[in-house]
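Q: Have a look at the structure that comes next, please.
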Amino acid sequence: MQQLFQNAQIAQPDGTLLSVDILVTDGIIEKFSPALGEPAPAGVAATDLYGLFVMPGGIDGHVHFDDPGFTEREDFGTGTMGAAAGGVTTIVDMPCTSLPPVTTSDNFKTKMRAVESKAYVDYAFWGGTTPTFIDSGAFRRLLPELKELGVVGIKAYTISGMQTYPRLDTRQMVMLFEAAHDFNMLVAVHAEDYFLATYYTEKIIREGRTDPLAYKDGRTYDAEPLAVSTVLALARREHTRVHIVHISTSAGVDLVRQAKGQGIDATTETCPHYLLLNREDFVRLGSLAKCTPPLRDRYDNEVLWAGLLDGAIDYVTTDHAAGVYPREKVTDNIWNAYAGMPGVQLRVPLMLHEACTVRGMNLYRFGEIMSTNPAKRLGLFPRKGILAVGSDADFACIDLDAPMTVHANDLYAKNKYTPFEGRELRGVVRQTFVRGNQVYDGSGWFPAGAGYGQFIKAV
């Protein structure tokens, strides 16, 4: 089947916009040509985009859609509906917040059976491992099996609140990094020092504090750079590809920047809430804004933005992880609140407004941090993440001038809350296409339907 997407505005490397028609054959981009207003050839289905800005479909490389096992929080249907409505055409789901966790080939297949009929957009998986598998040696058999199935890499924690997915100690992390080097696999690490964070958390709990900043002070700032430095040292020693997830501190960004300068194969991501929110918002919003790592200070916001602009931070994810609202999120005792928030639907609008409208990032660079860079790091490129001949026709079509106001009730997430309630933005996702088919029409209809999304194997 051939389709012609007419009057699309696409970004050039210098940030200027070019008006083009895009010919798509069987879901793959075949040709770009100047938009001359001519009718589509006979037999070619035409879609007029009326001058909308068309960027490579967004890739959110870090979501927790909780399916199967914790679907009172989110599931693959509601999660990927939100993705489609937010211009995200591929999500990468974490291995840890589903039952069973994606740590074996059998568990991978169980998850696939649970989600494949629900997905509205394309998806990939992170794999994982546990201390038990590492100590028994089984992980050296399991990791290559997961790689063969197509996971983008292996997720590990230096600190974990999940009984079903415990943290790795330094010895176990070394063993994982050795194996990841041997099997040429990417390791993603949640980096906060367990002992430091645990010590200060227990101390503050003993003092009787239950306010939002008690959580921030317990999950101390220094826990992140301490763990990041250890992880980067292991990556250097074992020549392992490493990715630091949801970086939140200025010191953490500086360490990653230094590591890149030393030739360590390291990347990092951050999230809209670490760029746009800080301790003042945590005090104002309370438990609604609890996340892990916690929100930091205004200075950290600005250093993260600098890192995103200069390349120290490679791309933006959401760490989408919704709690049951209000039961798990509304409480006066911060220790009783679930740490996490939905985000996949708001990622593109929030970042487009702040990065481009407010801070002057050009639209081509915006496409890199939202699509191209995660696709490259996670083994999805060039099928995903770029507008190029031979790539999938994944498009987020955006009205750059349209205003929007963030309201939780407009989210497709199963649990409708957001720390960005009431925020005024400029830039609205009008349509989303995956492999040439419309998955979101801008008015609440998802034409391709549940089950259209495909698993994308990392290469």
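Q: Does residue 384 satisfy being surrounded by 16 or more Cβ atoms within 10 Å (Cβ to Cβ), basic (Lys, Arg) and free of Cβ contacts under 8 Å to residues at least 40 places away in the same chain? Full working, then the answer.
A: Details: surrounded by 16 or more Cβ atoms within 10 Å (Cβ to Cβ): yes; basic (Lys, Arg): yes; free of Cβ contacts under 8 Å to residues at least 40 places away in the same chain: no.
Judged against the criteria, residue 384 is not a match.
Q: Now for a separate question. Being in a loop (DSSP other than H, G, I, E, B), touching a Ser or Thr at 6+ places or on another chain (Cβ under 8 Å) and farther than 29 Å from residue 46 by Cα narrows it down to one residue among 360, 422, 385; which is it?
A: Working: 360 fails: touching a Ser or Thr at 6+ places or on another chain (Cβ under 8 Å); 385 fails: farther than 29 Å from residue 46 by Cα.
Unique residue meeting the criteria: 422.
Q: Let me ask you something else. Out of the residues in region 230-266 that are more than 15 Å from residue 189 (Cβ to Cβ) and among the polar types (S, T, N, Q), which is surrounded by the most Cβ atoms within 10 Å (Cβ to Cβ)?
A: So, considering only residues that are more than 15 Å from residue 189 (Cβ to Cβ) and among the polar types (S, T, N, Q), the one surrounded by the most Cβ atoms within 10 Å (Cβ to Cβ) is 250.
Q: Pairs under 7 Å by beta carbon, first residue under 13 Å from residue 173 (Cα atoms) and at pLDDT 95 or above in region 225-246, partner part of a helix (DSSP H, G or I) and among the hydroxyl-bearing types (Ser, Thr, Tyr), six or more apart or different chains?
A: As it stands, the answer is 230/170, since those pairs meet every condition given.
Q: From the residues in region 156-172 that are in contact with a helix residue (DSSP H, G or I) (Cβ under 8 Å, 6 or more places away or on another chain) and assigned to a loop (DSSP other than H, G, I, E, B), which one is farthest from residue 69 (Cα to Cα)?
A: Going through the qualifying residues, I end up with 169.
Q: Quick one: in region 114-127, which of the residues that are outside any strand (DSSP E or B) and either of a type in the set (Asp, Glu) or crowded, with 19+ Cβ neighbours inside 10 Å (or both) is nearest to the chain's Cα centre (by Cα)?
A: We begin by selecting, within region 114-127, every residue outside any strand (DSSP E or B); these are 114-121, 126.
After this cut, where a residue has to be either of a type in the set (Asp, Glu) or crowded, with 19+ Cβ neighbours inside 10 Å (or both) as well, the list is 115-116, 118-121, 126.
Details: 115: 18, 116: 19, 118: 19, 119: 16, 120: 17, 121: 14, 126: 12 Å.
Ranking the qualifying residues of region 114-127, first place goes to 126.
Q: If I filter region 318-325 for residues that are among the polar types (S, T, N, Q) and surrounded by fewer than 21 Cβ atoms within 10 Å (Cβ to Cβ), do I get at least one hit?
A: So in region 318-325, the residues among the polar types (S, T, N, Q) come out as 318.
Checking which are surrounded by fewer than 21 Cβ atoms within 10 Å (Cβ to Cβ) leaves us with none.
The answer is no; no qualifying residue exists.
Q: Give me a count of the residues in region 329-364 that are more than 16 Å from residue 397 (Cα to Cα), among the charged types (D, E, K, R) and touching a residue at least 60 places away in the same chain (Cβ under 8 Å).
A: 3
Matching residues to (1) over 19 Å from the mean Cα position of the chain (by Cα); (2) at pLDDT 95 or above; (3) more than 20 Å from residue 292 (Cα to Cα):
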position: 129; (1), (2), (3): yes, yes, yes
position: 145; (1), (2), (3): yes, yes, yes
position: 166; (1), (2), (3): yes, yes, no
position: 171; (1), (2), (3): yes, yes, yes
position: 179; (1), (2), (3): yes, yes, yes
position: 186; (1), (2), (3): no, yes, yes
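Q: Name the single residue, out of those in region 282-312 being surrounded by fewer than 18 Cβ atoms within 10 Å (Cβ to Cβ) and acidic (Asp, Glu), that is nearest to residue 359 (Cα to Cα).
A: Within region 282-312, the match that is nearest to residue 359 (Cα to Cα) is 302.
Q: Also, quick follow-up: I want to confirm something. Restricting to region 271-288 and keeping residues that are part of a loop (DSSP other than H, G, I, E, B) and in contact (Cβ under 8 Å) with a residue 40 or more places away in the chain, which single residue is farthest from residue 374 (Cα to Cα)? Please lay out each step first, then the result.
A: Narrowing region 271-288 to residues part of a loop (DSSP other than H, G, I, E, B): 271, 277-278.
Those still in the list that are in contact (Cβ under 8 Å) with a residue 40 or more places away in the chain too: 271, 277.
On the way: 271: 13, 277: 23 Å.
Here the answer is 277.
Q: Could I ask something else about it? Please count how many residues of region 400-423 are β-branched (Val, Ile, Thr) and either crowded, with 20+ Cβ neighbours inside 10 Å or touching a residue at least 40 places away in the same chain (Cβ under 8 Å) (or both).
A: First, pick out the residues of region 400-423 that are β-branched (Val, Ile, Thr): 405-406, 418.
Subsequent filtering for residues that are either crowded, with 20+ Cβ neighbours inside 10 Å or touching a residue at least 40 places away in the same chain (Cβ under 8 Å) (or both) retains 406, 418.
So the count comes out to 2.
Q: Please go through region 196-229 and give me each residue that is surrounded by fewer than 18 Cβ atoms within 10 Å (Cβ to Cβ) and over 21 Å from residue 252 (Cβ atoms), ordered by number.
A: Passing the criteria: 202, 203, 205, 206, 207, 208, 209, 210, 211.
The values are calculated or read from the model by the stated rules, or taken from the named source; none is laboratory data. As the structure is a prediction and not an experimental result, all values here were calculated from the model. As a convention, Cβ positions derive from the backbone with ideal geometry for all residues, glycine included, and neighbour counts pool all protein chains shown.
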